Every structure is written in C-alpha cells, then in structure tokens.
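Have a look at the structure below before the remarks.
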Amino acid sequence: MTLYNILDLINPIPEESKQALSLISNTVKLPKGHLLMQADKVEHTLYFIKTGVVRAFSNYDEGEITFWFGQEGDTILSMLNYVEQKRSYENIELITTCELYEVHISAINKLYETDIHIANLGRKIAEKELVRLEQRIISRQILPAKERYEELIKNHPNLIKQVPLKFIASYLGITQVSLSRIRKEI
C-alpha cells in the first residue's frame, strides 16, 4: 500500500499536502520480532504500515496483555507520546516482517502549523484512535469471548492467519485453552 493510499484511508487530502508529507517520510523494512516502540520511553516517530502486522502490548506481573493489532494501512503511534510527549505505556512488536513509512513527530508537527489539511489529518488520526479504543472497551465489557472472537474474524480475517494464537487469546482476554474451545465450536 502506498503512503498516498494510506493517507486517503485516514482522511483524503490534496496532492500538495500528500507530497509535503511524503518529503518528511522514510520507508523502513524491519524483521519479524523487532520491538518498534518500548514502554516507559518517549518515542519521537509515528509510522504508517505499508505491509505487515504488528501488535501493541503491555507487561504486567504475570506476563503480557496484547491490546491492539495493526496491519496494512494502519497508523502506529503512542498516543501519550503523540499528544503529551510523555513516556508510553505500550510496546509495539512486529509480528511479521514489515515495511513502514516513518515520520518524525517534530517534522509532522511543523506541517500541522503550516498546512490545514495535514493538521486535519492529525486530528483524524487521533479521532480514529479514540473510536477504536471506545469500540475495544465496549466489546470487552459487553460481549462474551465467543462473540469477541467472531467480531475479530469478521472485521480482521487476515489477522487470524498471521497472528499466533497466544496473542489472539491475550487480546480477547481469555486463555489459549478457552480460545481453542471457541475455535472448535465455530
């Protein structure tokens, strides 16, 4: 997926604005297992996924909790870093080898000041993150595990093929044994 395609998915902007953003981006290819962002650090970069799958997770006493998957076309950023320049709470790990468009936050912030279309793009990125978080919280609180899994299959069928089951189980808030039972039922 091209950077222009990704930008159009977020919020269509004029060609000149796309070009300005393209000028401050770099394409990077990183291996499966690479830790792109680390908790308790201030990150200075955001990414758009050209190809591949990533996950966001946090560590806790008994292990890790996966709470987000990103795939082609998605934006990778720590909202706490992006909005408040504070240390993040999440780690971002590449589940597959990924090609990413890398943009330094300071460079995009300068464009926000001079290009209303890019400023609106930044607002749309934040809004989409808020909506995704709200949907995730509501789903986790209201839906039974089987329905959460069915929702994941429906909305992100490619993830099931690329993501290890232990990460899917963690994302759903269930054990791998429970996930196996649900998969047998379906």
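Please treat every number below as a calculation from the coordinates, not as lab data. Predicted model, so just to flag it, every value in this text is computed and none were measured. Using ideal geometry, Cβ is built from the backbone for each residue, glycine included, and neighbour counts are taken over all protein chains shown.
Between R140 and E113, what FRET efficiency follows from the Cβ-Cβ distance if R0 is 30 Å, with the result rounded to 0.05?
0.20
Which one, L133, I174, L46, is farthest towards the positive end of the dipole of the chain when Lys and Arg carry +1 and Asp and Glu -1 on their Cβ?
Most positive-ward Cα: I174.
Test of understanding: what is the full-extension gain from T51 to V28, defined as 0.36 nm times their sequence separation minus their Cα-Cα distance?
Length gained, T51 through V28: 7.2 nm.
With θ set to phi - 60° and the Karplus curve 6.51 cos²θ - 1.76 cosθ + 1.60, what are the ³J(HN,Hα) couplings of segment 16-29 in order, to the nearest whole Hz, using x for Gly and Pro?
Karplus-based 3J(HN,Hα) across segment 16-29 equals 4, 5, 4, 5, 4, 5, 4, 5, 9, 10, 10, 9, 10, 10 Hz.
Defining a contact as two alpha carbons under 8 Å apart and six or more residues distant in sequence, what relative contact order in percent does the chain show?
26
Among L94, L121, L23, which one shows the biggest mean-square fluctuation in a GNM of the chain, springs joining Cα atoms closer than 10 Å?
Maximum fluctuation in the GNM of the chain, among the listed residues, is at L23.
Give me a comma-separated list of calculated 3J(HN,Hα) values for segment 172-184, in order, Karplus coefficients 6.51, -1.76, 1.60 applied at θ = phi - 60°, integers in Hz, x for any Gly or Pro.
Along segment 172-184, the couplings run 7, x, 9, 7, 5, 4, 4, 5, 4, 4, 4, 5, 5 Hz.
If I take R0 = 41 Å and measure r between the Cβ atoms of L3 and I153 in this structure, what FRET efficiency does the formula 1/(1 + (r/R0)^6) give, to the nearest 0.05?
Efficiency for this residue pair is about 0.90.
Note down the nm distance, to one decimal, between modelled labels 7 Å out along Cα→Cβ at I160 and at Q176.
Going by the 7 Å Cα→Cβ label model, 1.9 nm.
Say the cut-off is 21 Å between C-alpha atoms; which of K128/K166; K86/K110; K29/K124; K29/K50 go over it?
Numbers: K128/K166 26 Å; K86/K110 19 Å; K29/K124 26 Å; K29/K50 10 Å.
Exceeds cut-off: K128/K166; K29/K124.
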